Amino acid sequence: MQRDKFFKEVDNLHHPNETLVRTHCSYCGMQCGMNLRVNTKTNKIIGVEPRYDWPVTVGKMCPKGVTAYQQTNHDDRLLKPLIRDDKSLKGTKLGFREASWEEAYEHIVKNFQKLQKDYGKDSLSVFSGVSMTNEKCYLTGKFARVALGTRYIDYNGRFCMSSAAGGFLRSFGVDRGSTLPWTDIHETDCLFIAGSNTAECHPTSMFRIWNVQERGGYLIVADPRETPIARRADVHLDLRPGTDLALANGILNLLIENGFADEEFVQNHTNGFEETKELVKQFTPEYTSEITGVAPEKIIRAAELYGKAPNAVVMFARGIEQQHKGVDNVSAYTNMALVTGKIGRAKSGVATFTGQGNGQGGREHGQKSDLLPGYRKITNPDHVKEVCQFWGITPEEMPKPGVSAYEMFELMDQKVIRGLYLLCSNPAVSAPNLNFVRNAMKNLDFMVCSDFYLSESAEFADVILPTVTWSEDEGTVTNLEGRIIKINKAQEPLGESKPDWQIQVELAERLGKGKYFSHLKTARDVADEFRGATKGGYADYSGATWEKIEKQDGVFWPCKSEEHKGTPHMFLDKKFYHPDGKAKICALPYRPPAEEPCEQYPLRLTTGRVVYHYLSGNQTRRIQFLRDMCPEPYVEVHPETAKKYNIEHEERVRLFTRRGEATYKVKITEAIRSDTVFVPYHFGHEESINLLTNPALDPMSRMPEFKACAAQIEKQSVKKV
Amino acid sequence: MKKRLYLELENCIGCRSCLAACTQCGGHEERNRNYVYDVNPLVNRQTMPLMCLHCVNPACARSCPAQAIQIHETGAVLSALVEKCIGCQNCTIACPYGIPKFDTEQNLMYKCDLCIDRTKDGIPPMCASVCPSNTLQWLTDEEIEAKQKQFNLDNGKWVTSLPYLESETNVRVNLPGILQGVTKLF
Ligand code: SF4
Ligand code: SF4
Ligand code: SF4
Ligand code: SF4
């Protein structure tokens, strides 16, 4: 149990006729602790009470967390299965009729079986998400491979975490999002944070981050915008979107040149140093400045501070990862820690700010097209054998690897994939190049969507299955530290809604695969099977029992046995997970963004989040408080740029790229580069900025380049009334 | 041990979680009683909360012709008593910070009561509990004094609770500039 200086022994306010259910927020990777207030007469969730006893967040929550409970009994909840018979209404909210679960299941099974009979097993696909428990993520992978027998399964982490995963695997041989617990962060001497709008996307990290400065430590932030965290940074590296790789190489070059390399560490625990040293030589401050647009003095200062700091942590997020060189960016920033040896000890290390609640756990256990439980590879025959044995199928029955999330839409467009089971995701808002993606969904022969609200993606479905919110089921998630925690059930499922694991078991039974699923009668049953399935994998959860999680405030994986306490700090023994035990320092040549500004599209468009909304906004846009705070998207424009285009604050302008266009209200601010514009992505239909974004994929992680493309603004002609 | 609301304005990230949290207090009828302002919205992202300072001799209560604004033994300046408030809105004008809000439908003033149902039993107020940046904190006088020593401003102006517009307040405020006095580690 880590009890640090922020922890205070405080009682909760306990109203009569109420129970407090200890749990965590439904939204981001911080997984802030919270108590849900449940009325003991109605057995309904009625409010929230801080959870002061949670060591990571000590009662703190952002406005999403404070209002998260309002999702459960919201008027928009789907309470019964819905079927739409008229396919011409696809892409609208119209034409759905209520149906019984039995009718919905029958309809699904009939259509799934027909498609597979006519077009083969792989004509079906599963698209899932990681805002759900490990148990559900695990079972979704098993459902796709065993119940449907399709190779096409992938998930929304391809739009979120996959570049971090790829970079960590390459650098360390293992992908745990943070090499150290969050309770270390305020004790470090220098934080280098790249591409993370932390104050808005992971707000409850901020009290620890500010504390570094209060103690006299330094904060360095790399971001094209002067975000709330960049505003107070000691050095703000205001780079052009999509140029991180040059910045990271430039800083590495200075670290090496100025003698900050830890020779002993580099020699004994890493490979690739000499080659990388050669490569980064060309990235002088001047050359780096030319590419990134950051003043050379700032680059020099940042390298000096990081180099001198006795302890330092490098952190990053989607800003550097959602690029078509996202994996390279991750490895390049990770190089800083490997070259200086600031890793594998307390208060130093590398971390990504995991976006989704279970972005870490959800990617480890087989929802990804090439992965099986416990981070096993579907391309590794030994791994396949282990999992087949556990599931009771033969290796021949195990489908081959599939394709990544965005590529699934390409296969839908080509009619290779004809059916889709979508759950826990809203790609009609969150995928790039939405005109294409929405059209691919519209042209599917058959689509099932499981959600608790009628999302923009559900508008394309033939059948909608009402699932539960996070508060009506239990299970584990893995937070951004790599700490496995427990989500508890506070209320019975509303209406006829069911948890996704139960839906999958019942569907599997009707698909004739009951013998692999029917034993799963409770969330606990799924949990026990899940832990067993991870045993022996990299991400070994087998020792992370619910009891242990409760007793020691979570369990950091790997946790290989009942006796093992878990692993808060990675690599304390300086052993990395590559076969030779060494980490890899990577020589990474610079590549510009896939689409650079040109005469027709002279601006750089970048996208991101606001503090009031989560992902596609399907949940948060329905919460009154959050909606009031941010009802619609906007485009941030620097005053100089606004002047050039003759546009004013709050005026509506047309923003367009090679792929699409949308109209946004202008928000003028000096807190952005003058060559860059920014739009938050949480909004649907014609407000979606992803109509404009570029689907250029990272060659390794298959992450689309949400963070940089070329755009143009046009003043709207004044309408005559 | 008596604790006070303490504000470190320079920490604010504008998340407005304090507003969301204020709607969640018992007896708050889901209406928040605090404010967060964009300091210079066209220029940068600086924000700051504006909270009731719980003045020792509060102008709102002084101005009230109906004795509707009571002062709790903890020092909290409470929201208007429903049965006494006549809706004259004197208090909304008298308060130099514009804290009291007015509900025209109910003809009733409402304001921050320092989450009295929590703080009377030593439980931190909602806003200070959730504030992710530690702009709002709930501290003992000793802790506040330690802060004062830590942030030894070179201009000699420790800004907390100086006699401002309304003399002594129960809430302590540290204006932007807290990091000025910090000695860097290296
Ligand atoms: S959204 Fe994230 S930061 Fe906000 S309360 Fe939930 S877990 Fe915490
Ligand atoms: S909760 Fe704290 S950081 Fe957020 S707006 Fe309020 S005072 Fe500022
Ligand atoms: S509005 Fe109510 S509380 Fe305010 S001064 Fe008038 S009577 Fe008093
Ligand atoms: S102390 Fe309580 S009533 Fe006052 S602003 Fe904070 S949450 Fe609202």
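Within the stretch B:4-28, can you find the residues that are farther than 21 Å from A:Met206 by Cβ and either of a type in the set (Gly, Ala, Ser) or more than 12 Å from ligand 4 (Cβ to nearest atom) (or both)?
B:Gly26, B:Gly27
Of all the strands (runs of 3 or more DSSP E) wholly in the stretch A:412-472, which have at least 1 residues that are surrounded by fewer than 22 Cβ atoms within 10 Å (Cβ to Cβ)?
A:446-451
Which of the residues spanning the stretch A:406-418 are touching a strand residue (DSSP E or B) at 6+ places or on another chain (Cβ under 9 Å), more than 13 Å from A:Phe436 (Cβ to Cβ) and hydrophobic (A, V, I, L, M, F, W, C)?
A:Ile417
List the pairs whose first member sits in the stretch A:3-16 and is within 11 Å of another protein chain (Cβ to nearest Cβ), whose second member is hydroxyl-bearing (Ser, Thr, Tyr), and whose Cβ atoms are under 6 Å apart, counting only residues at least 6 apart or on separate chains?
Close Cβ pairs satisfying both conditions: A:Val10/A:Tyr52.
Results for (1) surrounded by fewer than 19 Cβ atoms within 10 Å (Cβ to Cβ); (2) more than 14 Å from ligand 2 (Cβ to nearest atom), shown as yes or no for each residue.
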position: B:Met1; (1), (2): yes, yes
position: B:Glu10; (1), (2): no, no
position: B:His28; (1), (2): no, yes
position: B:Leu42; (1), (2): yes, yes
position: B:Met51; (1), (2): no, no
position: B:Pro58; (1), (2): no, yes
position: B:Arg62; (1), (2): yes, yes
position: B:Ala66; (1), (2): yes, yes
position: B:Gln70; (1), (2): yes, yes
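Would you pick out the residues in the stretch B:15-46 that are of a type in the set (A, V, I, L, M) and out of contact with any Lys or Arg (no Cβ under 6 Å at 6 or more places or on another chain)?
Scanning the stretch B:15-46 gives B:Leu19, B:Ala20, B:Ala21, B:Val39, B:Leu42, B:Val43.
Within the stretch A:292-313, take every residue that is surrounded by fewer than 19 Cβ atoms within 10 Å (Cβ to Cβ) and among the aliphatic types (A, V, I, L, M) and give me the one that is farthest from the other protein chains (Cβ to nearest Cβ).
If we take residues in the stretch A:292-313 being surrounded by fewer than 19 Cβ atoms within 10 Å (Cβ to Cβ) and among the aliphatic types (A, V, I, L, M), then A:Ala295 is farthest from the other protein chains (Cβ to nearest Cβ).
Are any residues in the stretch A:627-674 closer than 21 Å to A:Ala230 by Cβ, within 11 Å of another protein chain (Cβ to nearest Cβ), of a type in the set (Asp, Glu) and not in a strand (DSSP E or B), and if so, which ones?
Scanning the stretch A:627-674 gives a single hit, A:Glu670.
Does B:Gly122 satisfy being surrounded by fewer than 20 Cβ atoms within 10 Å (Cβ to Cβ), on the phi > 0 side of the Ramachandran plot and either in a strand (DSSP E or B) or more than 10 Å from every other protein chain (Cβ to nearest Cβ) (or both)?
no
Counting just the residues of the stretch A:589-621 that are hydroxyl-bearing (Ser, Thr, Tyr) and more than 8 Å from A:His682 (Cβ to Cβ), which one comes out surrounded by the most Cβ atoms within 10 Å (Cβ to Cβ)?
A:Thr606
Which condition from (1) surrounded by 22 or more Cβ atoms within 10 Å (Cβ to Cβ); (2) away from ligand 4 (no atom under 14 Å from the Cβ) is the one that B:Gly87 breaks?
Of the numbered conditions (1) surrounded by 22 or more Cβ atoms within 10 Å (Cβ to Cβ); (2) away from ligand 4 (no atom under 14 Å from the Cβ), the odd one out for B:Gly87 is (1).
Here is a list: A:Tyr287, A:Tyr306. Which entry is modelled with pLDDT of 95 or more and touching a Cys at 6+ places or on another chain (Cβ under 7 Å)?
One residue alone meets the criteria, A:Tyr306.
Which residues, taken from the stretch B:79-125, are among the polar types (S, T, N, Q) and either closer than 25 Å to B:Tyr6 by Cα or within 10 Å of ligand 3 (Cβ to nearest atom) (or both)?
Once the filter is applied, which keeps residues that are among the polar types (S, T, N, Q) and either closer than 25 Å to B:Tyr6 by Cα or within 10 Å of ligand 3 (Cβ to nearest atom) (or both), the stretch B:79-125 yields B:Ser79, B:Gln89, B:Asn90, B:Thr92, B:Asn107, B:Thr119.
Taking the options A:Asp262, A:Asp234, name whichever one is more than 16 Å from ligand 2 (Cβ to nearest atom), modelled with pLDDT of 95 or more and touching a strand residue (DSSP E or B) at 6+ places or on another chain (Cβ under 9 Å).
Details: A:Asp262 fails: touching a strand residue (DSSP E or B) at 6+ places or on another chain (Cβ under 9 Å).
After ruling out the rest, the residue left standing is A:Asp234.
Go through (1) more than 12 Å from every other protein chain (Cβ to nearest Cβ); (2) surrounded by 24 or more Cβ atoms within 10 Å (Cβ to Cβ) and name the single condition A:Lys44 misses.
(2)
Would you check if there is a residue in the stretch B:138-161 being β-branched (Val, Ile, Thr), under 16 Å from the mean Cα position of the chain (by Cα) and modelled with pLDDT of 95 or more?
For the stretch B:138-161, residues β-branched (Val, Ile, Thr), under 16 Å from the mean Cα position of the chain (by Cα) and modelled with pLDDT of 95 or more: absent.
Of the residues that sit in the stretch B:29-69 and are in a strand (DSSP E or B) and more than 14 Å from chain A (Cβ to nearest Cβ), which one is nearest to ligand 4 (Cβ to nearest atom)?
B:Leu50
Return the only residue of A:His236, A:His202, A:His186 being more than 24 Å from the chain's Cα centre (by Cα) and at negative phi.
Among A:His236, A:His202, A:His186, only A:His236 is more than 24 Å from the chain's Cα centre (by Cα) and at negative phi.
Please go through the stretch B:14-35 and pick out each residue that is within 16 Å of ligand 1 (Cβ to nearest atom), under 25 Å from A:Asn197 (Cβ atoms) and in contact with a strand residue (DSSP E or B) (Cβ under 7 Å, 6 or more places away or on another chain).
B:Gly14, B:Arg16, B:Cys18, B:Leu19
Out of curiosity, is B:Ile69 closer than 30 Å to A:Glu200 by Cβ, out of contact with any Asp or Glu (no Cβ under 8 Å at 6 or more places or on another chain) and more than 16 Å from ligand 1 (Cβ to nearest atom)?
no
Restricting attention to the stretch A:69-83, does a residue exist that is within 25 Å of A:Arg418 (Cβ to Cβ), exposed (fewer than 14 other Cβ atoms within 10 Å of the Cβ) and over 28 Å from the mean Cα position of the chain (by Cα)?
No, the stretch A:69-83 contains no residue that is within 25 Å of A:Arg418 (Cβ to Cβ), exposed (fewer than 14 other Cβ atoms within 10 Å of the Cβ) and over 28 Å from the mean Cα position of the chain (by Cα).
What do you reckon, is A:Arg659 basic (Lys, Arg), in contact (Cβ under 8 Å) with a residue 60 or more places away in the chain and within 30 Å of A:Val280 (Cα to Cα)?
Against the criterion (basic (Lys, Arg), in contact (Cβ under 8 Å) with a residue 60 or more places away in the chain and within 30 Å of A:Val280 (Cα to Cα)), A:Arg659 does not qualify.
Can you confirm whether the stretch A:512-524 contains a residue that is touching a residue at least 60 places away in the same chain (Cβ under 8 Å) and closer than 30 Å to A:Pro568 by Cβ?
Within the stretch A:512-524, one or more residues are touching a residue at least 60 places away in the same chain (Cβ under 8 Å) and closer than 30 Å to A:Pro568 by Cβ.
Looking at (1) more than 16 Å from ligand 3 (Cβ to nearest atom); (2) of a type outside the set (A, V, I, L, M, F, W, C); (3) in a helix (DSSP H, G or I); (4) away from every other protein chain (no Cβ under 11 Å), which is the only condition B:Gly75 fails?
(3)
Any chance you could count how many residues in the stretch B:1-17 are assigned to a helix (DSSP H, G or I) and more than 9 Å from chain A (Cβ to nearest Cβ)?
1
The values are calculated or read from the model by the stated rules, or taken from the named source; none is laboratory data. This structure is a prediction, so every number in the text was calculated from the model and none was measured. Counting neighbours? That spans all protein chains shown, and the Cβs are built from the backbone with ideal geometry, glycine included.
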